[in-house]
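Notes follow the structure.
The values are calculated or read from the model by the stated rules, or taken from the named source; none is laboratory data. Keep in mind the model is a prediction, meaning the values are calculated, not measured. Glycine also receives a Cβ, built like all others from the backbone with ideal geometry; neighbour counts cover every protein chain displayed. Note: areas computed on protein heavy atoms with side chains; ligands, DNA, RNA excluded. Shrake-Rupley method; radii C 1.70, N 1.55, O 1.52, S 1.80 Å.
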Amino acid sequence: MTKLEPSATANGGAADDPSKIWHKTACVLCSCNCGVEVRLDGRDITRVKGNKAHVGSKGYTCEKALRINHYQNGVDRLSSPLRRRADGSYEQVDWDTAISEVAARLREVADAHGGDKILYYGGGGQGNHLGGAYGAATRRALGITRRSNALAQEKTGEAWVDGRMVGTHTSPDFHHTEVGLFLGKNPWHSHGIPEARRTLKALSSDPDRALIVIDPRRTETADLADHFLQVIPGTDAFCIAALTAVIVQDGHVADRWIAANTVGSEPVLAALAEVPVADYAARCGVDEAELRACATRIGQAESFAILEDLGIEMAPNSTLVSYLQKLLWALTGNFAKAGGVNTHSSLVPLFSYRASGKEPRDPVTDSVVISGLMQCNEIAESVLTDHPDRLRAMFIESANPVHSLADSPAFREAMRALDFSVVIDVAFTETAREADYVLPASSQYEKVETTFFTLEFPENVLYVRPPLLQPLEGTLPEPEIHSRLIRALGVYDDTEIEPLRAAAREGRGAFATAFAEAGAAKPELAGVGAAVMYEALGPVLPAGMAGAAPLWFSAQQCAMRNADAVRAAGIQGDDESLGDALFDAMLAGDDGLIFTRHEYGDAWSLVRTPDLKIHLDIPDLLEELGELSAKPSTYATDDYPFILAAGERRSFTANTLVRDPAWRKKDPDGSLRMNPVDASELGIGDGSRVRVVTRAGAAETVVETTDTLQRRHITLPNGMGLDYPGDDNEAKATGVSPNELTTADWRDHIAGTPWHKHVPARVEPIPA
Ligand SMILES: Nc1nc2c(c(=O)[nH]1)N[C@H]1C(S)=C(S)[C@@H](COP(=O)(O)OP(=O)(O)OC[C@H]3O[C@@H](n4cnc5c(=O)[nH]c(N)nc54)[C@H](O)[C@@H]3O)O[C@H]1N2
Ligand SMILES: Nc1nc2c(c(=O)[nH]1)N[C@H]1C(S)=C(S)[C@@H](COP(=O)(O)OP(=O)(O)OC[C@H]3O[C@@H](n4cnc5c(=O)[nH]c(N)nc54)[C@H](O)[C@@H]3O)O[C@H]1N2
Ligand code: SF4
Ligand SMILES: [Mo]
């Protein structure tokens with residue numbers, strides 16, 4: 001196992017001593033994918049620092065990046081395909097056996113029941129989206145139409161609203177905004193915007209700008225805020241309705257802008273005129289004068305940007321809250337301008353929208369399928385039913401749904417009830433432990449990778465990272481796994497690939513022509529285009545970069561859609577050559593690439609509503625707004641007097657990407673946080689052991705008191721409770737696996753997103 005040739009970087013005289021060389025790559029622990037430089041000792045990542053030359057992150061990192069070796073070299077990394085025996089144990093099989101048996105079993109299900117009875121789940125995580133591109137090819141090879149991933153338990157409600165209002169995704173411009181609002185979002189720990197801590201401090205320290213935070217907990221972000229609205233958990237709809245109502249009632253609506261750029265304002269303005277501001281301020285526990293001051297600050301600002309996240313997406317009334325927060329920027333005219341909320345270009349869009357606004361419905365549950373994604377909270381029930389369209393098999397890749405989706409026991413049961421399941425992962429996860437076959441992937445440092453989290457405007461950044469290490473022995477990168485599966489499924493063979501390879505050796509133009517002709521002659525080949533590009537174009541790409549071949553196609557499309565913005569980013573070429581130039585620039589840059597540079601006004605040309613205006617009126621949600629006062633302010637009960645936020649982002653959480661508990665420098669147990677007064681009423685304190693009980697189950701944990709939490713509000717971190725081999729090699733879990741405590745029916749009525757931030761619970765002291 002040797003390293004690849006080090007990338008060209010300023011390494012001084014270090015060439016003699018490989019451990020002194022700095023290699024450029026990215027941190028993969030959250031969606032920011034900060035550019036970093038690392039040193040290696042053999043296969044160990046020993047040092048990590050921010051890459052100052054990276055065009056997106058500019059040297060920024062947080063404390064987690066320093067410990068990515070725990071991801072790369074976990075002791076539960078898989079190094080052989082596994083096949084489940086009848087008794088539930090696993091045996092190692094070679095790759096040829098695994099590929100041919102997995103292909104045959106999937107084919108069997110597709111032939112017997114239809115490809116639409118197979119669910120494809122996952123396809124990418126915080127740092128890796130290329131696998132998903134290849135997964136799409138395998139899906140088409142099998143006729144798989146149903147798919148889902150984590151976005152369908154967080155962002156689909158927001159996507160549903162964006163789709164109706166703008167027809168596409170929107171993105172806040174915090175770098176240039178005068179007033180920035182974070183709604184149920186704690187970027188200090190969870191990031192989600194470039195250079196989060198720098199950006200927060202810049203907003204907070206400038207007397208002419210303002211940071212607003214709406215959160216029930218006094219978070220690290222709230223500590224920096226100019227206005228902190230500490231809502232009662234789950235009451236955001238009241239808070240945001242009141243804020244938006246003040247905008248309307250106090251005359252802060254951008255009337256002329258609204259008239260010129262939007263449709264449907266009358267019913268919205270009428271509904272908001274009726275909102276009882278004082279009453280709703282009381283319902284959400286916020287001082288009315290402070291709430292009004294906040295609304296006025298927003299209404300008078302030159303620019304305003306807002307970002308929602310899990311604090312409202314995983315809490316009551318979530319889709320309604322998404323709508324109301326978007327009305328806040330829309331009614332104040334904060335669109336298509338510096339510091340506002342804007343549309344953006346993408347290399348490969350993360351979401352899809354239907355211009356008609358009419359989403360298809362799931363055949364089993366009849367729920368809306370937003371952005372093509374089946375609702376995560378309905379997957380288990382769509383297996384465990386006798387409906388004729390029930391799911392019969394799952395193809396899971398780069399995701400850990402047994403751990404990450406609501407009601408882990410039900411998901412486990414569902415996997416066991418399937419005719420067939422296969423998991424592609426780097427580690428032996430909770431989900432892998434339930435699968436018929438487990439295929440070991442090379443890690444994100446052992447193959448070319450990138451993400452499609454290209455959501456910034458006006459400058460949008462992409463980083464295609466070359467591999468740092470050779471694949472761990474026994475593993476394969478996803479491009480190889482999928483192309484082997486597709487061959488085993490009989491979609492193509494060498495007689496069809498060889499001529500395309502020959503064309504690629506001749507040049508891009510020859511390849512483009514041959515690829516288009518082959519796809520026209522045999523549409524199945526176009527369907528598995530990612531694999532075809534990997535096999536045919538991959539060999540002529542720079543060493544280690546073959547897996548990036550499908551980006552060639554994405555680059556063509558991006559260049560066609562955004563030619564001016566691609567050229568403004570410094571990429572030269574005429575209509576014919578611009579896509580190739582963009583592709584070459586993507587592969588060449590080691591510091592990330594600004595691939596589009598827009599003018600703010602371009603945000604309008606990226607709007608995708610039929611009339612290119614912003615649509616303010618969503619009748620279903622206005623109706624819901626009208627009925628809001630009848631909704632409860634809390635779902636706590638006498639039996640379950642606490643509200644548990646099941647899955648808080650903390651200093652050392654990173655979904656389930658790092659499984660070794662030793663990586664956590666703080667909060668080793670992933671403690672249950674609670675207000676000190678609540679603790680003393682229960683006769684407990686820091687370090688006490690308690691049982692957290694919800695309607696779904698119970699778990700034991702350790703208490704940490706903190707006055708950042710309100711009374712009766714408790715939190716557990718996300719990504720804990722992962723099985724990891726201890727010194728005796730037995731798998732042990734540290735901390736609470738949050739979804740042992742959640743149920744799938746506790747969810748938004750439109751998008752089906754879970755109310756993980758609002759789980760009624762009680763706390764029982766465990767005597768020492
Ligand atoms: N350190 C770290 N960073 C991460 C991740 C990680 O695992 N660890 N995961 C990444 C992923 S996948 C995601 S989606 C993002 C999520 O990022 P965030 O959404 O920021 O993360 P959370 O901490 O889950 O929730 C955000 C806030 O919601 C608040 N909250 C709880 N209940 C309510 C409520 O009723 N109303 C309001 N307004 N707020 C409430 C919490 O107090 C918390 O401060 O983080 C990403 N970044
Ligand atoms: N109760 C509760 N549940 C939650 C949340 C919460 O706040 N509370 N948060 C939710 C959110 S926002 C999210 S995004 C989800 C995240 O949950 P998931 O979408 O399930 O994803 P991750 O935990 O990020 O795990 C990704 C998987 O990819 C594997 N992996 C890493 N690198 C590679 C690779 O290169 N190739 C392959 N094939 N696999 C790889 C990892 O080992 C891991 O098993 O969790 C959700 N679940
Ligand atoms: S965890 Fe996120 S913010 Fe922190 S270094 Fe990694 S990518 Fe950057
Ligand atoms: Mo997420």
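A few comments on the model shown:
- In region 32-52, the qualifying residues are those that are at negative phi and surrounded by fewer than 17 Cβ atoms within 10 Å (Cβ to Cβ), and the one that is farthest from ligand 3 (Cβ to nearest atom) is Asp41.
- Only one of the listed residues (Ala768, Ala733, Ala744) is in contact with an Asp or Glu (Cβ under 8 Å, 6 or more places away or on another chain), among the small types (Gly, Ala, Ser) and not in a strand (DSSP E or B). That residue is Ala744.
- Of the helices (runs of 4 or more DSSP H) lying entirely inside region 433-530, those containing at least 1 residues that are in contact with a strand residue (DSSP E or B) (Cβ under 9 Å, 6 or more places away or on another chain) and surrounded by 20 or more Cβ atoms within 10 Å (Cβ to Cβ) span 478-488.
- Restricting region 642-666 to residues that are touching a Lys or Arg at 6+ places or on another chain (Cβ under 6 Å) and part of a loop (DSSP other than H, G, I, E, B), the residue that is surrounded by the most Cβ atoms within 10 Å (Cβ to Cβ): Phe652
- Condition met for Thr715 (crowded, with 18+ Cβ neighbours inside 10 Å, within 11 Å of ligand 1 (Cβ to nearest atom) and hydroxyl-bearing (Ser, Thr, Tyr)): yes
- Yes/no for Arg711 being charged (D, E, K, R) and more than 15 Å from ligand 2 (Cβ to nearest atom): yes
- Residue count, region 747-762 (criterion: within 16 Å of ligand 4 (Cβ to nearest atom) and either part of a loop (DSSP other than H, G, I, E, B) or more than 19 Å from Glu378 (Cβ to Cβ) (or both)): 7
- Test: Pro668 is touching a residue at least 24 places away in the same chain (Cβ under 8 Å) and within 16 Å of ligand 4 (Cβ to nearest atom): no
- No other residue among Leu181, Leu269 is in contact (Cβ under 8 Å) with a residue 12 or more places away in the chain and in a helix (DSSP H, G or I) apart from Leu269.
- Just one of the listed residues (Lys337, Lys358) is more than 16 Å from the chain's Cα centre (by Cα), away from ligand 3 (no atom under 16 Å from the Cβ) and over 24 Å from Trp160 (Cβ atoms), and it is Lys337.
- Matching option when the condition is away from ligand 4 (no atom under 16 Å from the Cβ), within 26 Å of Pro550 (Cβ to Cβ), of a type in the set (Lys, Arg) and touching a residue at least 24 places away in the same chain (Cβ under 8 Å), among Arg146, Arg43, Arg83: Arg146
- Options Gly234, Gly192, Gly167; residue that is assigned to a loop (DSSP other than H, G, I, E, B) and open to solvent by 20 Å² or more (accessible area, probe 1.4 Å): Gly192
- Extreme residue, nearest to ligand 1 (Cβ to nearest atom), among residues of region 203-231 that are in contact with a His (Cβ under 8 Å, 6 or more places away or on another chain) and outside any loop (DSSP other than H, G, I, E, B): Val213
- Each residue in region 672-708 was checked for being open to solvent by less than 50 Å² (accessible area, probe 1.4 Å), outside any loop (DSSP other than H, G, I, E, B) and within 15 Å of Ile766 (Cβ to Cβ), and 10 pass.
- Taken over region 318-375, the criterion of being touching an Asp or Glu at 6+ places or on another chain (Cβ under 9 Å), open to solvent by less than 10 Å² (accessible area, probe 1.4 Å), among the aliphatic types (A, V, I, L, M) and not in a loop (DSSP other than H, G, I, E, B) is satisfied by Leu320, Val321, Leu324, Val341, Ile370.
- Of all residues making up region 661-680, the number that are away from ligand 3 (no atom under 16 Å from the Cβ) and farther than 24 Å from Gly697 by Cβ: 4
- Verdict on Phe411 being open to solvent by 10 Å² or more (accessible area, probe 1.4 Å), in contact with a His (Cβ under 9 Å, 6 or more places away or on another chain), within 18 Å of Gly123 (Cβ to Cβ) and outside the structural domain of Asn33 (by TED's automatic domain parsing): no
- Where a residue in region 634-655 is closer than 17 Å to Glu700 by Cα and its partner, wherever it lies, is more than 9 Å from ligand 1 (Cβ to nearest atom) and open to solvent by 50 Å² or more (accessible area, probe 1.4 Å), with Cβ under 9 Å and at least six apart: Tyr640/Arg695; Tyr640/Arg762; Phe642/Arg712; Phe642/Arg762; Ile643/Thr634; Ile643/Tyr635; Ile643/Arg712
- Look at (1) within 16 Å of ligand 3 (Cβ to nearest atom); (2) open to solvent by 20 Å² or more (accessible area, probe 1.4 Å); (3) part of a strand (DSSP E or B) and you find that Arg147 fails only one, number (1).
- Within region 112-128, the residues that satisfy the criterion of being within 20 Å of Gly538 (Cβ to Cβ) and either more than 10 Å from ligand 2 (Cβ to nearest atom) or open to solvent by less than 20 Å² (accessible area, probe 1.4 Å) (or both) are Gly123, Asn128.
- Matching residues in region 615-637 - criterion: being among the polar types (S, T, N, Q) and part of a helix (DSSP H, G or I): Ser629
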